[in-house]
1. Just to verify a result, which residue in the range 129-138, among those that are touching a strand residue (DSSP E or B) at 6+ places or on another chain (Cβ under 7 Å) and surrounded by 14 or more Cβ atoms within 10 Å (Cβ to Cβ), is nearest to residue 273 (Cα to Cα)?
2. Provide a single number: the residues in the range 260-279 that are in a helix (DSSP H, G or I), closer than 28 Å to residue 158 by Cα and out of contact with any strand residue (DSSP E or B) (no Cβ under 8 Å at 6 or more places or on another chain).
3. Is there a residue in the range 96-105 that is modelled with pLDDT under 90, part of a helix (DSSP H, G or I) and over 22 Å from the mean Cα position of the chain (by Cα)?
4. Are there any pairs with C-beta distances below 6 angstrom linking a residue in the range 276-292 that is more than 15 Å from residue 143 (Cα to Cα) to a residue that is at pLDDT below 75, with the two at least 6 apart or on different chains, and if so which?
5. Checking the structure you have, find out if any residue of the range 110-130 is on the phi < 0 side of the Ramachandran plot and at pLDDT 80 or above.
6. Among the residues of the range 139-161, which ones are surrounded by 16 or more Cβ atoms within 10 Å (Cβ to Cβ) and farther than 24 Å from residue 270 by Cα?
7. Of all strands (runs of 3 or more DSSP E) completely enclosed by the range 118-206, which ones contain at least 2 residues that are under 30 Å from residue 226 (Cβ atoms)?
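The values are calculated or read from the model by the stated rules, or taken from the named source; none is laboratory data. Computed from a predicted structure; not experimentally measured. Cβ atoms come from the backbone with ideal geometry, glycine included; neighbour counts cover every protein chain shown.
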């Protein structure tokens, strides 16, 4: 009995590496790509050394070979920003050659305006901005090519505050949700800045309306604390977004989002499917997380925006 109870209290645990998508190591801890780069570089260095041996001293060829070999080894084994050095340099080259000005106007964005006089004027022309999301409806379904997608905003659960049995149950429940997925699903965990300065001003304004001086003093003190925290620190909040996608003309992206909400709610995670305006704001924040939020929010791409004209005549304003 004691053996069985102890086995229930200490569930089996296995470590899962974070880089599950890392390529397989073939030999000497190197991948096929790294071995191919080393082999091609070695053949080129050997061929160049053999061809230049008749015109250059052996010492010069050896020094040049060591320098080139060191550069190739650094290119193969080096990493930056979580990417292999050769892949990082390839992305850097593409970024330097790609246009920096993008406009959501289709192919017409690359048309030379009339006020540009090539080739005397060197004006960088905008390139067409191609985004995967084509439209967002009021229900929050996003059109991505021929597929549909929905975004679920989810919270987090602190496993360290749970017992071993509770941790095992949560991990098993999360694993069942992952195994039940039959469509591409993306989980995005990001940190976004929190605007405490505006919150501090709102609390300070509310302090003047308190019915008792003690409450007013407490609100003013709390507003000062928030203002000081916003000035001295860079507060961040963690945001978790789950993007569920359907294919083959299936229009059930919202239904898949609701299924995700039910599965995560069973784990104690607060989740909800984003509507059109919330999904638009989430995509805009993911594209530019450090842009301050607009007071009125963002309208969905398909939303018709109307304004009321104001006319002033003889000191009288009419609507």
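1. Within the range 129-138, the match that is nearest to residue 273 (Cα to Cα) is 136.
2. The number of residues fulfilling the criteria is 2.
3. Yes, the range 96-105 contains a residue that is modelled with pLDDT under 90, part of a helix (DSSP H, G or I) and over 22 Å from the mean Cα position of the chain (by Cα).
4. From residues that are more than 15 Å from residue 143 (Cα to Cα), the pairs are 281/298; 284/298.
5. Looking through the range 110-130, none of the residues is on the phi < 0 side of the Ramachandran plot and at pLDDT 80 or above.
6. Passing the criteria: 143, 144, 147.
7. Where strands (runs of 3 or more DSSP E) fall fully within the range 118-206 and carry at least 2 residues being under 30 Å from residue 226 (Cβ atoms), they are 147-154, 185-193.
Here's the yes/no breakdown for (1) in contact with a helix residue (DSSP H, G or I) (Cβ under 6 Å, 6 or more places away or on another chain); (2) surrounded by 12 or more Cβ atoms within 10 Å (Cβ to Cβ); (3) not assigned by TED's automatic domain parsing to the domain that holds residue 276:
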residue	(1), (2), (3)
178	no, no, no
186	no, no, no
203	yes, yes, yes
227	yes, yes, yes
239	no, yes, no
252	no, yes, no
256	no, yes, no
